[in-house]
Amino acid sequence: MKRFLKMFFPHDGIYETLVGTSGVRPVIKPLGIIVNNDSLSLRIYKNTLTFANLTKNNKCSIHITLNSRLFVYSLLEKLNFDLDSEYNIPVLKNLNIIFAECIKVTEDDPSIFRVSPLDLEINTYITQAYNRGDFLLIDLLVNYTRLDIYKGEDLERLIEILKYEYNVIKRTSPDLINILNEIEENIRLKGFKLD
């Protein structure tokens, strides 16, 4: 199972997934899964349906996709899903799915749930999960090229955007820290700070 997980989550960080739960009412919602070494966890707020569902039924389906529309439809609760007969949790056909047990390990808000994979269903080609940091790096690089072009208020706004992107990348994709440090150093040499 660890080899399959590495295909979906190739490095430590936070990956955006669609997580199906049931208990109170079946739902699939976007959630960031935290990958640290070989352990998986979720941070879930107590006032959410996902939290209430996992309190009643600690099984979940973790869908791996890069289809942004599915994330939007899940937020709007407009996804058409089926219920898996074995785990009684919602699933989206034609996606790769990790079936897991989610055990609450903290009482904080958000609470941390340890994710223990139980089963895997491969329904499409293997793709990595969506990592905001990996994708945001490209936007940071585009914005970096504008440092010598923008002036005045536009430059001030650009620096704020670069700071935001830098911090998100550092948090969600820590394996990029070396390259981020190089970019940060180049920005510092131009007279700007990102922290």
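A few remarks follow.
- Take the conditions (1) surrounded by fewer than 12 Cβ atoms within 10 Å (Cβ to Cβ); (2) modelled with pLDDT of 95 or more; (3) among the hydroxyl-bearing types (Ser, Thr, Tyr); residue 68 misses just one of them, which is (2).
- Flag set for residue 40, criterion: crowded, with 19+ Cβ neighbours inside 10 Å, out of contact with any Leu (no Cβ under 6 Å at 6 or more places or on another chain), within 21 Å of residue 169 (Cα to Cα) and hydrophobic (A, V, I, L, M, F, W, C).
- Contacts under 8 angstrom Cβ, first residue in region 173-192 being closer than 14 Å to residue 136 by Cα, partner among the hydroxyl-bearing types (Ser, Thr, Tyr), 6 or more apart: 180/166; 183/144; 183/166
- Selected residue (criterion: nearest to the chain's Cα centre (by Cα)) from residues of region 6-30 that are surrounded by fewer than 19 Cβ atoms within 10 Å (Cβ to Cβ) and within 24 Å of residue 170 (Cα to Cα): 30
- Of all residues in region 1-55 being in a loop (DSSP other than H, G, I, E, B) and of a type in the set (D, E, K, R), the one that is farthest from residue 124 (Cα to Cα): 46
- Residue in region 146-166 that is within 26 Å of residue 40 (Cβ to Cβ) and either touching a His at 6+ places or on another chain (Cβ under 8 Å) or not aromatic (Phe, Trp, Tyr) (or both) present: yes
- For region 56-91, taking the residues that are in a loop (DSSP other than H, G, I, E, B), farther than 13 Å from residue 20 by Cα and not charged (D, E, K, R), the one that is farthest from the chain's Cα centre (by Cα) is identified as 85.
The values are calculated or read from the model by the stated rules, or taken from the named source; none is laboratory data. These numbers were taken from a predicted model, which means no experiment stands behind them. Glycine also receives a Cβ, built like all others from the backbone with ideal geometry; neighbour counts cover every protein chain displayed.
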